[in-house]
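What follows is a single structure, written as structure tokens, with notes after it.
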Amino acid sequence: MFVRTESLPQTPQQHTTVRVHTPVGSAVVVWRGDPREADGRHLVEWSVDEDIHWGKNTRPAATAEPELRQEGDRLLMTGRLHLTGDDTAYLQMGHWLVLLDLASPVPTGLLDSWVQMSVESESVALYPYST
């Protein structure tokens, strides 16, 4: 997915963070590319280090449209949840997919439905790549 990123003030002990702007919202995430290239437009892959814990960090969404937004130190991602097997899934947020692991089963009636996942901002990272 193409996104626009802007670097944020950093401290020496901290991972490089950026504000990422997407068609469905913006949030602060960890930047896993060259810190000197943090500002700009990039084709990126998303990584989420938190698993889906149904009823804890993932629940049915209030709206049926993709969204990315920041609430304090949490990142809220809304999209359609699809299971892929082997305790993995992906969240479809507009035109891009975020691969996830399942820590607990998703209720059968909610497969391929709209969900909202709330994770720590520091658990979400962007990896830029070239085509």
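Residues in segment 99-119 that are surrounded by fewer than 16 Cβ atoms within 10 Å (Cβ to Cβ), at pLDDT 85 or above and farther than 21 Å from residue 1 by Cβ: 103, 104, 105, 107, 113. Answer yes if at least one residue in segment 82-98 is under 13 Å from residue 125 (Cα atoms) and surrounded by 13 or more Cβ atoms within 10 Å (Cβ to Cβ), and no otherwise. Yes, there is a match, as at least one residue in segment 82-98 is under 13 Å from residue 125 (Cα atoms) and surrounded by 13 or more Cβ atoms within 10 Å (Cβ to Cβ). When residue 39 is tested against (1) open to solvent by 30 Å² or more (accessible area, probe 1.4 Å); (2) over 22 Å from residue 113 (Cβ atoms); (3) within 15 Å of the chain's Cα centre (by Cα), only condition (3) is not met. Within the bounds of segment 18-28, is there any residue that is touching a strand residue (DSSP E or B) at 6+ places or on another chain (Cβ under 8 Å) and farther than 20 Å from residue 91 by Cβ? Yes: segment 18-28 contains one or more residues that are touching a strand residue (DSSP E or B) at 6+ places or on another chain (Cβ under 8 Å) and farther than 20 Å from residue 91 by Cβ. Counting only strands (runs of 3 or more DSSP E) wholly contained in segment 34-123, the ones carrying 3 or more residues that are hydrophobic (A, V, I, L, M, F, W, C), out of contact with any Lys or Arg (no Cβ under 7 Å at 6 or more places or on another chain) and within 25 Å of residue 15 (Cβ to Cβ) occupy 40-48, 96-101.
The values are calculated or read from the model by the stated rules, or taken from the named source; none is laboratory data. All of these numbers come straight from a predicted model, not from anything done at the bench. Counting neighbours? That spans all protein chains shown, and the Cβs are built from the backbone with ideal geometry, glycine included. Just the protein is used for accessible areas: all its heavy atoms, side chains included, with ligands, DNA and RNA removed. Shrake-Rupley method; radii C 1.70, N 1.55, O 1.52, S 1.80 Å.
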